[in-house]
Amino acid sequence: EYLSVSFDSLYEVSSVLLDCSSKPWDYPRNLEIQFSKDGIEWISVDTVSHDTMLYEFSSPVYCKYLRFILGENKNNTTFDWTVEQLEINHTLR
């Protein structure tokens, strides 16, 4: 499963907030975030997360596309993945 976001221009992105606050157990487990400038070549982002919603990038990325990939659950337990709101900290490049 994945969620994709596309921008109208190239942006510098430094963090994302995947808000699932009304369903706190539905946060993504083993989330991989990727970025792309052209939608063809994708590069994984190194992230730092201190909670289950805010993902800060170790260094800003310049992109037109973001992809959030839900990885395997290590506990073999089924959890839903809910994103009520997506906040992207970005500036136009």
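Summary of values
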{"quantity": "Residue selected from region 48-93 under the condition in a loop (DSSP other than H, G, I, E, B) and of a type in the set (Ser, Thr, Tyr), by the criterion modelled with the highest pLDDT", "calculated": "Thr82"}
{"quantity": "Region 61-78 residues that are hydroxyl-bearing (Ser, Thr, Tyr), paired with ones that are at pLDDT below 70 and open to solvent by less than 40 Å² (accessible area, probe 1.4 Å) (beta carbon under 7 Å, 6 or more apart)", "calculated": "none"}
{"quantity": "Those residues of region 28-47 which are free of Cβ contacts under 8 Å to residues at least 40 places away in the same chain, assigned to a loop (DSSP other than H, G, I, E, B) and surrounded by 15 or more Cβ atoms within 10 Å (Cβ to Cβ), in sequence order", "calculated": "Trp42, Val45"}
{"quantity": "Any hit, region 13-24, residues being open to solvent by less than 40 Å² (accessible area, probe 1.4 Å), within 21 Å of Asn89 (Cβ to Cβ), free of Cβ contacts under 8 Å to residues at least 60 places away in the same chain and not in a strand (DSSP E or B)", "calculated": "no"}
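The values are calculated or read from the model by the stated rules, or taken from the named source; none is laboratory data. These figures come from a predicted structure and were not determined experimentally. Neighbour counts run over all protein chains shown; Cβ positions are idealised from the backbone, glycine included. Calculation scope for accessible area: heavy atoms of the full protein, side chains included, ligands and nucleic acids excluded. Shrake-Rupley method; radii C 1.70, N 1.55, O 1.52, S 1.80 Å.
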